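Accompanying notes for the structure given below.
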Amino acid sequence: MSHDLVSELAIEQRADLQIITEPNKYVVARSGWMVDTNGDVAIMDVSGRIAWRLTSRSGGMLAVESDSTLAIGAYVSPNCDIHEFTRRIDIIQGVVNNARKKDIVLGDFNSKAIAAGSAYTNRRGEILTDMVGVVSCYCVNDNTPTYEARGHSSVLDLTIIDDRWSREHWDWRVLPHDVASDHHATMITIKGSYYVTREKIPYSSFTTEQIEIIIDRTAERIINIENLTPVALTIVIRQEMGRVAHRRANRHSVYWWNMEIEN
């Protein structure tokens with residue numbers, strides 16, 4: 001019943017993509033759902049307005065991509081030990097890093113983190129919070145409970161999005177509709193396609209003095225640039241760093257361009 005109700009709710013809310021953790025395995029097996037290898041996560045293209053394609057899956061993780069967005073559904077059982085939890089979080093981190101697209105991660109990690117709206121942070125929450133920071137994302141949950149049972153409430157179902165989406169361009173909420181489950185349905189809406197450009201700059205360890213020199217020289221040069229774009233500024237910084245524009249594949253992009261700089 002819960003699976004049917006939340007599926008109908010997704011249609012009524014005009015959702016593009018639906019992600020369910022702990023789905024009804026018999027339903028997803030016969031109705032065209034994309035499913036992870038354990039049957040713990042299922043994803044359905046509800047509207048057909050966006051071309052989603054399955055790109056990665058493992059136990060408790062399922063990833064689909066459009067031309068511009070990576071969406072991941074995840075579930076980690078409370079019975080997993082800390083080593084298995086870490087392994088699964090590392091897999092998600094690797095998928096996000098390799099995609100190089102704006103990303104959204106939704107799932108039940110059975111963890112506690114103050115950053116996600118919980119009253120405290122446990123070891124699982126620490127590991128998850130570290131991963132969120134490394135992949136340049138943030139959790140949009142407030143302290144609204146997503147799980148309620150037998151007088152107990154908790155924030156278990158998390159929505160984690162790319163930090164290139166500013167607060168003005170997304171809306172997250174717990175839906176008030178009854179879906180016959182201890183877990184509430186949540187919805188994330190992206191209001192526009194705009195996001196801040198994340199330029200890729202070669203980097204290494206610099207001393208404070210070296211950084212100050214780079215900043216001073218860059219400031220002197222950009223005064224004479226009539227049309228200062230992210231690309232133009234990147235070129236100047238690369239030249240002042242005295243490094244070739246080459247990055248090893250295992251290094252991450254440095255997030256530095258934002259609207260404050262552009263203004």
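Before moving on, here are some points about what is shown:
- Spin-label model distance (nm) - Glu22 vs Ala232, 7 Å beyond Cα toward Cβ: 5.6
- Set of aspartates and glutamates near Lys101 by C-alpha distance (under 14 Å), chain-local residues within fewer than 8 positions excluded: Glu65, Asp67, Asp162, Asp163, Glu199
- Test item: Cα-centred dipole of the range 1-44, Lys/Arg +1 and Asp/Glu -1 on Cβ, debye: 140
- Simple point charges give the picture: +1 on the Cβ of Lys and Arg, -1 on the Cβ of Asp and Glu, and for the chain a dipole about the Cα centre of about 780 debye.
- Computed over the chain with a Gaussian network model linking Cα atoms closer than 10 Å, the most mobile of Met131, Met241, Met187 is Met241.
- Mean Cβ count within 10 Å, highest first, over the residues of peptides 32-44, 141-153: 32-44, 141-153
- Both numbers refer to the Cα atoms of the range 10-69; Rg and Dmax are 11.3, 32 Å.
- Selection from Leu128, Ile211, Val155 lying farthest towards where the dipole of the chain points positive, charges on Cβ: Ile211
- Given R0 = 41 Å, the distance between the Cβ atoms of Glu240 and Lys101 translates into a calculated FRET efficiency of 0.90.
- Debye log10 I(q)/I(0) at q = 0.10 Å⁻¹ for the chain, Cα point scatterers: -0.58
No value in this document is a laboratory result; all are computed from the given coordinates. In this text the structure is predicted, and so the values were computed from the model without any measurement. Cβ sites come from the backbone with ideal geometry, for glycine too, and all protein chains shown count toward neighbours.
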